Amino acid sequence: DAGVIQSPRHEVTEMGQEVTLRCKPISGHNSLFWYRQTMMRGLELLIYFNNNVPIDDSGMPEDRFSAKMPNASFSTLKIQPSEPRDSAVYFCASGRLGDNQPQHFGDGTRLSIL
Amino acid sequence: AQSVTQLDSHVSVSEGTPVLLRCNYSSSYSPSLFWYVQHPNKGLQLLLKYTSAATLVKGINGFEAEFKKSETSFHLTKPSAHMSDAAEYFCVVSGNTGNQFYFGTGTSLTVIP
């Protein structure tokens, strides 16, 4: 079975540019999570979706960040404009709703903003 | 409210010796608990999960964890460390909706040859 697929794996761009991170969840999963991981702050939940609907976006740092899930097989996390402090590894995870099913993580996108 | 405390930020063991990674949780109901492992430049991989069945849970790669309600603990153990076990380990507790997860701050395991 294919796991959670994230693209790109690495992104280096200059501050002020728009960045779009992509995620394809595991087929049949109906919840999707975006996380950010840094040395300073560890793993932070940014937003999660159930059945393509955003449920909790309280972790989104500011208005420069936005996430969409137009269908069950695709989600994006966009940063516009990007800043150096956005540099981090961004993970997408998917799972099945309810029954405390575990999340399955992608390999992440390593983002560097210069 | 739910929370997780991983008691050690770093653990160092010699190859072939036992591993103990400690996790305490706080929950107002019967939680589900998970351990994940993260190798360098990789995503988090599920090691094992506890969901109110047997209190001793066996996972992949020889790891196991025991749920102790009286101690609110869910420590991860392995009888004999292997070099490939060197990684970051996260203890996770679920929220009461079953769809929110609270991560510990992680324990970095070093295995000395």
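Only the coordinates and a few stated rules stand behind these numbers; no lab work does. As the structure is a computational prediction, the values presented were derived from the model and not from experiment. Neighbour counts run over all protein chains shown; Cβ positions are idealised from the backbone, glycine included.
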Legend entry - Amide hydrogen neighbours beyond the local backbone of A:LEU97, cut-off 5 Å, H modeled: A:ASN30, A:SER31
Inset, instruction - Using a Gaussian network model of chain A whose springs link C-alpha atoms within less than 10 Å, name the residue from A:LEU32, A:LEU21, A:LEU43 with the highest mean-square fluctuation. - result: A:LEU43
Legend entry - Neighbourhood charge, 13 Å Cβ-Cβ cut-off, centred on B:GLY62 and excluding it, Lys, Arg +1 and Asp, Glu -1: 0
Inset, instruction - Mind checking B:31-37 for the average number of partner chain beta-carbons within 10 Å of each residue's beta-carbon? - result: 2
Legend entry - Contact order normalised by residue count of the range A:47-114, Cα under 8 Å, 6+ apart, percent: 23
Inset, instruction - Can you pull the one-decimal nm distance between simple spin-label points at B:ALA53 and B:SER3, each 7 Å off the Cα toward Cβ? - result: 3.1
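Go through A:83-91, A:70-78 and give me the packing order, highest mean Cβ count within 10 Å leading. Mind dumping the intermediate values first?
On the way: A:83-91: 17.4, A:70-78: 15.7.
Output ranking for A:83-91, A:70-78: A:83-91, A:70-78.
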Legend entry - Shielding score for A:100-112, defined as the mean number of other chain Cβ atoms within 10 Å: 5
Legend entry - Nitroxide proxy distance, nm - points 7 Å out along Cα→Cβ at B:MET83 and A:ARG85: 4.2
Legend entry - Per-residue mean of C-beta atoms belonging to partner chains within 10 Å, peptide A:84-96: 1
Inset, instruction - Report, in whole Å, the centroid distance computed from the Cα atoms of the range B:8-71 and the range A:28-77. - result: 25
Inset, instruction - Only Lys, Arg, Asp and Glu count, each charged at its Cβ (+1, +1, -1, -1), so figure out the dipole size of the protein assembly as shown about its Cα centre, rounded to 20 debye. - result: 300
Inset, instruction - Specify the residue with the greatest mean-square fluctuation among A:GLN37, A:GLN101, A:GLN17, computed from a Gaussian network of chain A linking alpha-carbon atoms under 10 Å apart. - result: A:GLN101
Inset, instruction - Over the range B:11-59, calculate the relative contact order: mean separation of alpha carbon pairs under 8 Å at least 6 apart, over the residue count, as a percent. - result: 26
Legend entry - Relative contact order (%) - chain B, alpha-carbon pairs under 8 angstrom, separation at least six: 37
Legend entry - Amide N of the range A:63-100 lying under 15 Å from the label point, which is placed 7 angstrom from the Cα of A:THR13 along Cα→Cβ: A:64-68, A:76-90
Legend entry - Neighbourhood net charge (11 Å Cβ-Cβ; Lys/Arg +1, Asp/Glu -1) for B:VAL13: -1
